[in-house]
Amino acid sequence: MSAPAQTRIIFKHIDEPSYTNDLACYQRHGGYEILRRAVKRPPAELIDEVKKSGLRGRGGAGFPCGVKWGLVDRKSGKPIYLIVNADESEPGTFKDRYIIHQDPHQLLEGTLISCFANNVKQAYIYIRGEMPEGARILERAIAEARAANLVGPNILGTGYSCEIYVHRGAGAYICGEETGLIESLEGKRAHPRIKPPYFPAVLGLYQCPTIVNNVETLCHVKHIIERGGEAYAKIGTPNNTGTRIYCVSGHVQRPGYYEFECGKITLGQLLNDVCGGPLPGRTFKAVIPGGSSAKVLRYDETFTLKNKDGSTRSLAAADIPLDFDTLAACGTMGGSGGIIVMDDSVNMVEALANINAFYSHESCGQCTPCREGSLWMKRISSRMVHGMARAEDAALLKSVADQIPGRTICAMGEACSWPTQSFVQKFQDEFVSYHTTKKTRPADALQLV
Amino acid sequence: MNLKPETLQRIDEVITHYPVKRSATLPLLHLIQEDIGYIPDEAIEWVAAKLELQPINVYEVVTFYPMFKRKPVGRRHIKVCRTLSCALKGGYKVCDTFKKEFGVGLDEVTPDGEVSIEFVECLASCGTAPVVMIDEKLHENVDPAKACALSAEIKAAAKK
Ligand SMILES: Cc1cc2nc3c(=O)[nH]c(=O)nc-3n(C[C@H](O)[C@H](O)[C@H](O)COP(=O)(O)O)c2cc1C
Ligand code: SF4
Ligand code: FES
C-alpha cells in the first residue's frame, strides 16, 4: 500500500514561497480570526473543546493537553502562568524551529487562545539559546501583535490583558524538561524539581500554577478552536487525534519534515514512499522513532501485540502505524516525532557511543544514577570504539543502564538509559563481538564518535 | 564595567519582563556577552548587584550553561553539530575540515583572535545534516567542500 497524502494543518504555509512571517501576511491568510472568535466565548468552553479534541502533547510525553489544563490549580488565587516550550533540543527533532521562523503568528495565536482559555495574563516563550534568529523573529511578531492590540492590555477591547515575553536559554538540553525549564526561567541552574510536590499545574513558575506546552501543541489549539473539538478528533485515529509532524533524519533519500494524520501512515510508508527509501546500495537497519531517547527499533523486527479482545497479532516494524499507542505497545515511543534512520553501514556500538556522549554531556548532575550512569555508559561505549572493547562490555553496559531509570528526579534518567538498554538488547551480537569486528571495520568507516 | 549605552538600556527594559528580578539573570548575561564577547568576573559581580543577588547565584548560572564563555572566543565562532543525525551524514569530517583550515583544536582560538571552533550538540536542524552555525547564522547540508568554502569566506572577511 502506498502512503496517503500529507495533511498539512500546522505546516500549511511552511515553505510556501509567497508566505512571509509578518503580521500582514498572516492576516491576509485569515490570521487571528480564531482568536477574535475565541475571546467572545466563555473560557471553560474553550478548555472543553481541547478536552474533546483528544489532543496529546507534542513535546515528548504525549500527555493529553485538556487533562493537563484541567489539573491547573484555579483556587489558589495566585496568577496562572503559561510557558511555551520552544527548547527543541531532543536530538532528531526540528519542527518547532520551522514554525517559529516561518509562521510565528500561528504560535502566538495558539498561545493567546490558550492563555485566554486558562485565564493566563503572563506567558513566556522559552526558546533555546542556539536559536537567536528565532528569538528575534518572535520578538518582532509580538511587537507587531501588540501594535495591533492582539497582545498586551485590553486585547481587542475585551478587557482581557495578556503579555508574552521571549526568554532565551543558553545551551543546556535539560531546560527542555518542564521543571528544569521553570528553574531556568527563574534565573537558576536548570535543576529539575521533584514531583510531587512540584507539579507545574500547582507549584510551577514562582510557585504559582503553570502550564507548560510544546510549540506544536499550542499551534494545534488554534485549529481545534477553529474546527471544534469533536471535528478535530475525527482527524487521525482514536486516542491519537490530529496531525503529527514527523521529522526524518539520517540515512534516507529525502530527509525532512512531513505532516500526516496521526496513525494513518506506517513507518515503512514514511521511510520508503515519502522519504524515498534507503541510500543507493543500502538497506535500513535501525530506526529511532521519537527523538534519540526513544528505544531503537530493528527494521527487521516483528512484534507480537495484544488485541482488545485478548487475541494477539504480529506486526513488522515497517508496518507500525506512527501513533502514540502502537509505538508504546512496541516498547518504544512516538516522543517528539524525531525519526532517526540508520542503514547497514552503521555499527550500533558506534551509534550508541554518539548518543551516550550526548546524554552524559547533558545530565544536570543532581542525581547520582543519571550523572554517574550516563558518564559510565559514555566511557564504556567510547572506550569500545577506540580499540579497547571486551566481550563482557555488553553485559556491563546493560547493568549500568538498568540501574538508572526510576531512581532519578526527572525523566532524563529514562531518556539516557533507554538507548543503551535497547541498543544492547536488540543488537546484542554486535556489542558482544565488537572487540573482534572492530578490526574489520573499513578504515574509511563513518566516524560517529 | 564598560557597557554600551544601548546594552544598559536593554538591560533595564528586560528586567521589567519579570515579577522577580532574578529571572533576568540569563537575559542579562546574554546581553553582556553580546556586548563584550564573554563573561568576565567583573560581569558576574555587576549582574549580581544589578539583580540584588549574591555573586555565587550568578556564578553558578554562568558555569552551568555552555553558551556562556568565561574567556573570549574568536571574533568568528564556528559551532559544528556533533550529534547523531549530523554524525550519520559526516559531521565529524566537517569538524576536522574546519580544524585543519584554521589550524586550531576544539575550544581553542586562533592566535590572531579571529576564529574558534566548538563541537556542539544537536542544533535542531537534523533534516539538513550536517549543520554548522557560524556566529548566529545556520548553514545546512555542509560537506567538507562547503566547509572549505565557508572557511575561505571567513578568511577573506578577516583580511578586510
Ligand atoms: C530530558 C527531557 C527533555 C525534554 N525536552 C523537551 C523539549 O526540548 N521540548 C519540549 O517541548 N518538551 C521537552 N520535554 C518534555 C517536557 O518536559 C514537557 O513534557 C512538555 O514540554 C510538555 O508539553 P506538551 O504536553 O505540549 O508536550 C523534555 C522532557 C525531558 C524529560
Ligand atoms: S535525572 Fe539527570 S537530568 Fe534529571 S534531575 Fe536527575 S541528574 Fe538531573
Ligand atoms: S543532530 Fe545535528 S542538528 Fe540535530
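The values are calculated or read from the model by the stated rules, or taken from the named source; none is laboratory data. Quantities reported herein were computed from a predicted structural model and do not represent experimental measurements. With ideal geometry, Cβ positions are generated from the backbone for all residues, glycine too; neighbour counts draw on all protein chains shown. With ligands, DNA and RNA removed, areas are computed over all heavy atoms of the protein, side chains included. Shrake-Rupley method; radii C 1.70, N 1.55, O 1.52, S 1.80 Å.
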Quiz item: Of (1) over 27 Å from A:VAL349 (Cα atoms); (2) surrounded by 22 or more Cβ atoms within 10 Å (Cβ to Cβ); (3) more than 13 Å from chain A (Cβ to nearest Cβ), B:VAL142 satisfies all except one. Which?
Solution: (1)
Practice problem: Might you let me know whether the range A:101-120 holds any residue that is outside any strand (DSSP E or B), of a type in the set (A, V, I, L, M, F, W, C) and open to solvent by 10 Å² or more (accessible area, probe 1.4 Å)? | Solution: yes
Practice problem: Go over the candidates A:ILE194, A:ILE164, A:ILE211, A:ILE224 one by one and state the one that is over 15 Å from A:PHE116 (Cα atoms), touching a residue at least 12 places away in the same chain (Cβ under 8 Å) and either buried (at least 20 other Cβ atoms within 10 Å of the Cβ) or more than 16 Å from ligand 3 (Cβ to nearest atom) (or both). | Solution: A:ILE194
Practice problem: Find the helices (runs of 4 or more DSSP H) located wholly in the range A:15-77 whose residues include 1 or more that are within 19 Å of the chain's Cα centre (by Cα), and list them. | Solution: A:65-70
Quiz item: In this structure, does B:VAL120 turn out to be among the β-branched types (Val, Ile, Thr) and either in contact (Cβ under 8 Å) with a residue 60 or more places away in the chain or within 16 Å of ligand 1 (Cβ to nearest atom) (or both)?
Solution: yes
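Would you check which residues across the range A:275-284 are open to solvent by 40 Å² or more (accessible area, probe 1.4 Å) and either under 25 Å from the mean Cα position of the chain (by Cα) or away from chain B (no Cβ under 14 Å) (or both) and list them?
Kept after step one, since they are open to solvent by 40 Å² or more (accessible area, probe 1.4 Å), are these residues of the range A:275-284: A:279-283.
Listed by number, the residues that qualify are A:PRO280, A:GLY281, A:THR283.
Here are A:LYS438, A:LYS378: which of them is surrounded by fewer than 22 Cβ atoms within 10 Å (Cβ to Cβ) and of a type in the set (D, E, K, R)? Explain how you work it out, then say what you get.
Values: A:LYS378 fails: surrounded by fewer than 22 Cβ atoms within 10 Å (Cβ to Cβ).
So the residue among A:LYS438, A:LYS378 that is surrounded by fewer than 22 Cβ atoms within 10 Å (Cβ to Cβ) and of a type in the set (D, E, K, R) is A:LYS438.
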Practice problem: Select, from B:ASN2, B:ASN57, the only residue that is of a type in the set (S, T, N, Q), loosely packed, with under 15 Cβ neighbours inside 10 Å and touching a residue at least 12 places away in the same chain (Cβ under 8 Å). | Solution: B:ASN2
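Could you tell me which of the residues A:VAL248, A:VAL212, A:VAL202 is within 14 Å of chain B (Cβ to nearest Cβ) and not in a helix (DSSP H, G or I)? Break it down into steps so the answer makes sense when it comes.
Numbers: A:VAL212 fails: within 14 Å of chain B (Cβ to nearest Cβ); A:VAL202 fails: within 14 Å of chain B (Cβ to nearest Cβ).
Just a single option satisfies the conditions, and that option is A:VAL248.
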Quiz item: Can you find a residue in the range B:15-28 that is more than 12 Å from chain A (Cβ to nearest Cβ), in contact (Cβ under 8 Å) with a residue 24 or more places away in the chain and under 24 Å from B:ALA124 (Cβ atoms)?
Solution: no
Quiz prompt | Residue that is farthest from the chain's Cα centre (by Cα), among those in the range B:101-134 that are open to solvent by 60 Å² or more (accessible area, probe 1.4 Å) and within 14 Å of chain A (Cβ to nearest Cβ) | solution = B:LEU106
